Amino acid sequence: RDGAPIPGATGLKYKVQTADGGARLSIQVTGSKPGYASVSKVSKTTKMVPRTKLKTATPTIGGTPQVGSTLTAKSSKWTSGTTLTHQWFRSGKKVTDATGPSYVLTSLDQGTKITVKITGTKQGYTTVTKTSKPTRKVT
């Protein structure tokens, strides 16, 4: 996979795995015979293996949109093993340092609507970003 050995892939056949998505595959074959030097050859690489699309649903926001309250990003149905990152937005503008699954509303949020973008990544899969619907205006 991209020039690195794949653990356990030592047989005559190889079934392409999800983890191969985005990579090029090749095979190294070594021949040997008593009294002769061993020879190894590497094949040309394949075309890039297509990535699988992560499964998910649009996130929602839990909590009361009121200064001092905590909002929580709720996401479900992601492909198992997906790494999630969060970014909170105030009226469409990124909130600096608001990158966790929850966000405490401040006076700067009053009168604005809040959304959260969740990005999922996993080896062999296409990265997916989903944005929640906005909250009602923060009071």
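Please treat every number below as a calculation from the coordinates, not as lab data. Just so it is clear, the model here is predicted, and its values are computed rather than measured. Note: ideal-geometry Cβ built from the backbone for every residue, glycine included; neighbour counts use all protein chains shown.
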May I ask for the Rg/Rh ratio of region 93-139, computed from Cα atoms with Rh as the Kirkwood radius, given to two decimals? 1.06
Near the amide H of Thr126, under 5 Å away, which other amide H atoms are found, from residues 5 or more places off or on another chain, if H is placed in the peptide plane? Thr52, Lys53, Leu54
Per the Kirkwood treatment, what hydrodynamic radius in Å, one decimal, follows for region 1-67 from the mean inverse distance over all distinct Cα pairs? 15.9 Å
Report the full-extension gain for the segment Thr18 to Lys74: residue separation times 0.36 nm, less the Cα-Cα distance, to one decimal in nm. 17.5 nm
Of all chymotrypsin sites (Phe, Trp or Tyr not before Pro) in region 32-139, the ones in DSSP coil with at most 16 other Cβ atoms within 10 Å are Tyr36
Find, among the trypsin sites (Lys or Arg not before Pro) in region 30-120, those assigned to loop by DSSP (not H, G, I, E, B) with at most 10 other beta-carbon atoms within 10 angstrom. Lys44, Lys47, Lys77
Backbone HN-Hα couplings from phi across region 120-127 [Karplus 6.51/-1.76/1.60, Hz, Gly and Pro as x]: x, 10, 6, 4, x, 10, 6, 5
If you average 1/r over all unlike Cα pairs in the chain and invert the result, what Kirkwood radius do you get in angstrom? 18.4 Å
Is the C-alpha gyration tensor of region 34-84 telling us rounded, prolate or oblate? Criteria: a/c under 1.5 is rounded; beyond that, a/b larger than b/c is prolate, otherwise oblate. prolate
Which residue, chosen from Val104, Tyr14, Gln87, occupies the Cα position most advanced towards the positive end of the dipole of region 1-127, where the dipole is computed from +1 (Lys, Arg) and -1 (Asp, Glu) charges on Cβ about the Cα centre? Tyr14
Take the alpha-carbon centre of region 59-77, take the same for region 1-47, and report the distance between them in whole Å. 48 Å
Just give me a number: lysine pairs in region 67-139, eight or more positions apart or cross-chain, with C-alpha atoms less than 14 Å apart. 12
